[in-house]
1. Residue by residue through the range 73-87, which ³J(HN,Hα) values in whole Hz follow from phi under the Karplus form 6.51 cos²θ - 1.76 cosθ + 1.60 (θ = phi - 60°), with glycine and proline marked x?
2. Give me the net charge of Ala188's neighbourhood, meaning all other residues with Cβ under 10 Å from the Cβ of Ala188; Lys, Arg count +1, Asp, Glu -1.
3. Output the 0 to 90 degree angle, nearest 10, between the alpha-carbon long axis of helix 178-191 and the longest principal axis computed from the alpha carbons of the chain.
4. In the neighborhood of Val128, defined by Cβ-to-Cβ distances under 11 Å, what is the net charge if each Lys or Arg adds +1 and each Asp or Glu adds -1?
5. How do Glu44, Glu174 line up, fewest other C-beta atoms within 10 Å first?
6. Convert 25 °C to kelvin, take the viscosity as 0.890 mPa s, use the Kirkwood radius over C-alpha pairs of the range 174-259 as Rh, and evaluate the Stokes-Einstein diffusion coefficient in µm²/s, rounded to a whole number.
7. Arrange Lys119, Lys237 by Cβ neighbour counts within 10 Å, fewest through most, would you?
8. Just list whichever of Lys156/Lys180; Lys285/Lys314; Lys48/Lys126 have alpha carbons separated by over 23 Å in the model shown.
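Only the coordinates and a few stated rules stand behind these numbers; no lab work does. None of the values given here were measured: they were computed from a predicted structure. We place every Cβ from the backbone using ideal geometry, glycine too, and count neighbours over all the protein chains shown.
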Amino acid sequence: MNMNFKATILISLFAGLVLLSSCGNETASSEAGTSDSLKSVLPEALLKLNEAIEKEPTNAELFHKRAQYHLQQRNFDAGFEDMKRVMTIDSSKASYFITLSDLYFVTNQTANSKATLEKCISLDDKNVDAMLKLAELYFYVKKYDDCFKYINMALKIDKYNPKAYFMKGMNYKEIKDTAKAISSMQTAVEQDPSFYNAYMQLGILNAAQKNPIAVEYYKNALRVQPKSTEIWYAIGKYYQDVENWDKAMEAYNVLLQIDPKNKNANYNMGGINLVGKKDYKTALKYFTTALSSDPAYVDAYYARGVCYQTMGDKKNAVVDFNACLTINPMHEQAKKALEGIN
């Protein structure tokens, strides 16, 4: 479905952050003092933190807040510098280790992240956040038994935690226990009716079984994020897979109103018109739009070549099949198509 939920969904749960684009190099502002020249360009939130730290240079919580700010801005070096200050002043708070583990995680220092989370739990043996982050680390390295262990530890403390049920569902999905994965995801949305990612997973799991209830779950996700192209693509792909061409096109058309250049939706619309509707001219238009968005879209070249070939335009078919092979010399279908024409 061209959607890598395993990585993108879980990393958002791990950090618990919205990682915004960097506002520039703010490392110099991590010093307690802020020069007048810097004050004129720094964001207001950072300026306020700097001013507070100038007044209270031994306040660990202020440095912690600034480290979290730097983490949000993806200014990781400055975040680590502030966390060093925090730990020098006070290394007794579990919440500080959570932030430090997030910094390690987003900089791909997973061993340090794991050790930091374990330290957090040693300070606070009821810290559900740390348990779920540890569970996720084990999920990434495919140690599913250890992942379940920490999820269940978290649920003993907070039996209504929606993230715990979501992660349990992801774990079951990985070990191919679809029934339990669906059950866990359903529990997650029962606890949090606005849990977008859980609705999406319920849609994906049911769509894989061609169960029409998948569309209802996607629509629930749509209530949370009404303009999500991801959802409209998923709805269109479900209907396409069950060969309900009209419903599929309806969903893709909504998506294309939001994102006219979406290469996957254009490609799929081309496929529906080529295979399902036998409308070759319209199919050509969609494949061409997909290629304008991604000139290296191998499958779109091949599909457009098939379209030309079906229409009897061997010259353009050869051009597209050759373009396909230029990008991917191992594309067997394009090779066979060219051999057939020649």
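1. Along the range 73-87, the couplings run 8, 6, 9, 5, 4, 5, x, 4, 4, 5, 5, 4, 4, 4, 5 Hz.
2. With Lys, Arg at +1 and Asp, Glu at -1, the neighbours total 0.
3. 50
4. Details: positive: Lys126, Lys133, Lys156, Lys159, Lys163; negative: Asp124, Asp125, Asp129, Asp158.
Net charge in that neighbourhood comes out at +1.
5. Lowest count first: Glu44, Glu174.
6. Rounded to a whole number, D works out at 189 µm²/s.
7. On the way: Lys119 16, Lys237 22.
With the sparsest Cβ surroundings first, the list reads Lys119, Lys237.
8. Details: Lys156/Lys180 19 Å; Lys285/Lys314 18 Å; Lys48/Lys126 33 Å.
In this structure, Lys48/Lys126 exceed 23 Å between Cα atoms.
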